[in-house]
Amino acid sequence: METLVSFTASPSAEPTLADMARVPGTESGAVQPSLLPRTQPLLEVSGLDVWTAGSHEEIRLLESISLTIREGEFFALVGESGSGKSLLCSTLMGILPTNLGARGDIYFDGGPLAAVDRRSRAMIFQQPSRYLNPVRTIGFQLTETVRIVSRGSTHEAGERAISLLEAVGIEDPRSTIKKYPHELSGGMNQRVMIALALARRPRLLIADEPTSALDVTTQRQIMDLIEKLRADWNMAVLFVTHDLNLAIERSDRIGVIYAGQLIEMGATDAIAQQPLHPYTRNLFSAVPEISLNKVKLVALAGGVPDPAIRGPGCHFAPRCAHAVEACARVKPAFPDALSHAAACHNLGLGHAAS
Ligand SMILES: Nc1ncnc2c1ncn2[C@@H]1O[C@H](COP(=O)(O)OP(=O)(O)OP(=O)(O)O)[C@@H](O)[C@H]1O
Ligand code: SF4
Ligand SMILES: [Mg+2]
């Protein structure tokens, strides 16, 4: 089945201060805006749904996702395994699996995403070794990418490949380009993956759990590198992680995703100081249990519900200590503004503990 993303409306107008102060689903729980726009919107997603489009009944995997990432912004997307982080990244890259359909408005730099050169976005993954060609040298892979992007001579592409390896902190690039991926450490391969991404000169770097498979020291080095490149190259970054504390350490804004829905969004300081959603508050105390590259929160019983059996109301209800009668029946409205907002019927309660 063909993957479709429709573009039906013009980009959203700048939110008013009233929009920015609104907490969807409540009249009383509004919080003051903590992020005033600093730069232009680069990516605007509005009402994005992704569903299985096979012969059986449609199953919604992403539901009414709306978010804005501004030029040069570091936006962290946080959630457990199975919450839909990679699906959102794939949709933004235009690489959704063919059994899935997508519908919604996505604008990049003011125009429909589908009309924008794919090189404007680049993605790096958790396990670079799976995406690097094992039988080609690093130099071959980088040079080919550079040649496709800039159409220069082989010599120019080779020199550019070396400068890209230097940009990502590889100390001996002339020797590294002769090596194969299996001859490099996980951290070095991740640097190569970032160099491949940079070869496209992206305005948005999508990083899908790029440090989860690395040791703590290398994780920090890669995070420092991404931050430095963001500044040097004036790139926006969509950084995917299951680690809320890491997101708080590094990002400007955070979106928390649960069971295919964005359930809290706001400036990082605001979320760090006063997380609104019961799930977000659980994320702070959660110790991730990592097996087979899947992350589950051991502080919370149960897991993200299977998309095929999600009910009509709040998908977090079966795990929520603050659920009220309406929660399982009525879906809370999703956050869609630049303010700090959360999708919950009961925002006034449970701020002390979860
Ligand atoms: N091609 C597909 N067909 C059907 N369902 C899919 C497909 N790809 C993903 N899903 C389902 O969509 C949901 C979200 O998957 P996704 O890979 O985006 O989660 P994630 O948040 O990236 O998890 P993780 O942290 O484990 O990487 C899961 O329930 C998954 O099983
Ligand atoms: S209080 Fe209700 S709406 Fe809010 S997270 Fe819990 S179950 Fe969901
Ligand atoms: Mg994923």
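The values are calculated or read from the model by the stated rules, or taken from the named source; none is laboratory data. Quick caveat: nothing in here was measured; it's all calculated off a predicted structure. Note that each Cβ is placed from the backbone with ideal geometry, even for glycine, and that neighbours are counted across all protein chains shown. Ligands, DNA and RNA are stripped out before the accessible areas are found, and what is left, the full protein with its side chains, is counted by its heavy atoms. Shrake-Rupley method; radii C 1.70, N 1.55, O 1.52, S 1.80 Å.
Whole-percent P(r), region 128-201, all Cα pairs, 10 Å bins from 0: 23, 60, 17, 0.
With the highest mean first, a sort of the peptides 192-204, 157-169 on other beta-carbon atoms found within 10 angstrom per residue produces 192-204, 157-169. Counted by Cβ distance under 11 Å from GLY104, the other residues give a net charge of -3, where Lys and Arg count +1 and Asp and Glu count -1. Per the Debye formula on identical point scatterers at the alpha carbon atoms of region 188-333, with no solvent, log10 I(q)/I(0) at q = 0.14 Å⁻¹ is -0.78. Full extension of the segment from ARG136 to TYR180, taken as 0.36 nm per residue of separation minus the current Cα-Cα distance, would add 15.2 nm.
A simple rule links phi to the HN-Hα coupling: the Karplus curve 6.51 cos²θ - 1.76 cosθ + 1.60 with θ = phi - 60°, which for region 263-268 gives 10, 7, 8, x, 4, 4 Hz, with x for Gly and Pro.
Summarising the label geometry, the points placed 7 Å from Cα in the beta-carbon direction at ASP232 and ALA114 lie 3.7 nm from one another. Listed peptides 214-220, 143-149 appear in the order 143-149, 214-220 once ranked by packing, highest mean of other Cβ atoms within 10 Å at the front. Using a probe of 1.4 angstrom, how much of the accessible area of region 128-201 is carbon and sulfur, in percent? On region 128-201, the fraction of accessible area on carbon and sulfur atoms equals 49 percent. Note on ASP269 and ILE309: with the Förster distance fixed at 51 Å, the Cβ-Cβ geometry gives a FRET efficiency of about 0.90.
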